[in-house]
Amino acid sequence: MKDIIASSDNKFYKLLKKLDKKKYRDENSIFKAEGEKFLGENINFNKIIVKESKFEYFEKKYNISQNENLTILKDNLFDEVSTQENSQGIIFLYSKNLNTILDIKGDVVILDDIQDPGNVGTIIRTMIATGFYNLVLTKGSVDVYNPKTVRATMSGIFKLNVIYEMPKNIVKFLKENNYLTISTALYKDSVSYEKIELKEKNAFIFGHEGGGVSDYMINNSDIKAIIPIYGNIESLNVSVAAGVFLYKMKEKIIGKK
């Protein structure tokens, strides 16, 4: 059986606590993912951390003691680093995606200053479901490596490229690489998403929950698009809008083949 961390003075334990803050996730280029489901993902992790009282369960089911990167925490310490009320007693450390915008090939989804972890997590799951694998967020958007966001992605965080970049650099990349840039925005000259004709490379932009896509991104877009609303409501939640929009765009892409 591996050594058990029992002291709150332990350096590794202190690091685990710090990883709840973006500053330390960025400094160490690692993040936490919590839950038994991650044992089923074929993704290399840096560390596996188990609650002492749950060790026997995971050892019997998964033979985890054979993993050289295993760390066991006393229950009270594990509860301090867990971000879930009803934790399953297992946490993983993963390396962050260190790609840059220059690594992107093909269609891209851009999230402009979206702040809600749940919305971003849902959008990531929708991207995987619709076969879009490049995600760019403007700097200032919520951190996708926030434990709440990681949990909301249902492991989708590991299946796409995630890049943070300044708006001006995003626009520069899109223009230099001949992307058709589509912002979802309610303007007089906005067109229904039904009428969009996609090109070889396309960028789909979704905006802040309250203010929508920024003026800068809209002014540098080729198309402003809307999703028709048939009932008496002003707008859709951004994750719902992204879901509807991306499925429609995927249908168009499939239809062109």
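The values are calculated or read from the model by the stated rules, or taken from the named source; none is laboratory data. All of these numbers come straight from a predicted model, not from anything done at the bench. Note that we place each Cβ from the backbone using ideal geometry, even for glycine, and neighbour counts take in every protein chain shown. With ligands, DNA and RNA removed, areas are computed over all heavy atoms of the protein, side chains included. Shrake-Rupley method; radii C 1.70, N 1.55, O 1.52, S 1.80 Å.
As a rough guide to protection, the peptides 8-19, 218-229, 200-211 ranked by mean Cβ packing within 10 Å, highest first, stand as 200-211, 218-229, 8-19.
For the range 172-257, averaging the sequence separation of C-alpha pairs within contact (under 8 Å, six or more residues apart) and dividing by the residue count gives a relative contact order of 35 percent. Applying 0.36 nm per residue to the separation of Asn67 and Glu27 and subtracting their alpha-carbon distance, the gain on full extension is 11.8 nm.
At the listed q of 0.11, 0.16, 0.17, 0.19 Å⁻¹, the Debye profile of the range 34-189, built from one uniform point per Cα, gives log10 I(q)/I(0) equal to -0.53, -0.93, -1.01, -1.17. For the chain, the carbon plus sulfur part of the accessible surface works out to 46%, probe radius 1.4 Å.
If we count every other residue with Cβ under 9 angstrom of Gly207's Cβ, Lys/Arg +1 and Asp/Glu -1, where does the sum land?
Local net charge: -3.
Of the GluC sites (Glu not before Pro) found in the range 1-66, not one falls in a DSSP loop while having at most 11 other beta-carbon atoms within 10 Å. Take every pair of alpha-carbon atoms less than 8 Å apart whose residues are at least six positions apart; their mean separation over the length of the range 124-177 yields a relative contact order of 47 percent. With all pairs of separate Cα atoms included, the range 167-212 yields a Kirkwood hydrodynamic radius of 12.0 Å. Heavy atoms of the protein chains alone define the surface here; on that basis the chain has 52 Å² accessible area per residue at 1.4 Å probe size. Each peptide in 166-173, 90-97 was scored by the mean count of other Cβ atoms within 10 Å over its residues; highest first, the order is 90-97, 166-173. Residue-wise HN-Hα couplings along the range 73-80, as the Karplus relation 6.51 cos²θ - 1.76 cosθ + 1.60 with θ = phi - 60° gives them from phi, are 10, 4, 3, 5, 6, 4, 4, 6 Hz; Gly and Pro carry x.
Taking the helices alone, the chain has a mean residue ellipticity at 222 nm of -9500 deg cm²/dmol, built from -39,500 (n - 2.57) per DSSP H run of at least 4 residues and averaged over all its residues.
Where the centroid of each part is defined by its Cα atoms, how far is the range 139-177 from the range 207-257 in Å? Using only Cα atoms, the two centres lie 17 Å from each other. About its Cα centre, the dipole of the range 1-106 is roughly 340 debye, where the only charges are +1 on Lys and Arg Cβ and -1 on Asp and Glu Cβ. Legend: Rg and Dmax of the range 102-257, from Cα coordinates, 14.4, 43 Å. Using only the Cα atoms of the range 114-164, build the gyration tensor, take square roots of its eigenvalues as a ≥ b ≥ c, and label the shape rounded, prolate or oblate: rounded if a/c is under 1.5, else prolate if a/b is larger than b/c, else oblate. Taking the square roots of the gyration eigenvalues as a ≥ b ≥ c, the range 114-164 is oblate. Under Stokes-Einstein, with the Kirkwood radius over Cα pairs as Rh, the value for the range 190-257 at 10 °C and 1.306 mPa s is 122 µm²/s. Each Cα pair under 8 Å and six or more residues apart adds its sequence gap; the mean of these over the residue count of the chain is a relative contact order of 19 percent. Reducing the range 100-128 and the range 1-46 to their Cα centroids gives an inter-centroid distance of 24 Å.
Note that the range 1-74 shows a convex hull volume over its alpha carbon atoms of 102 Å³ per residue.
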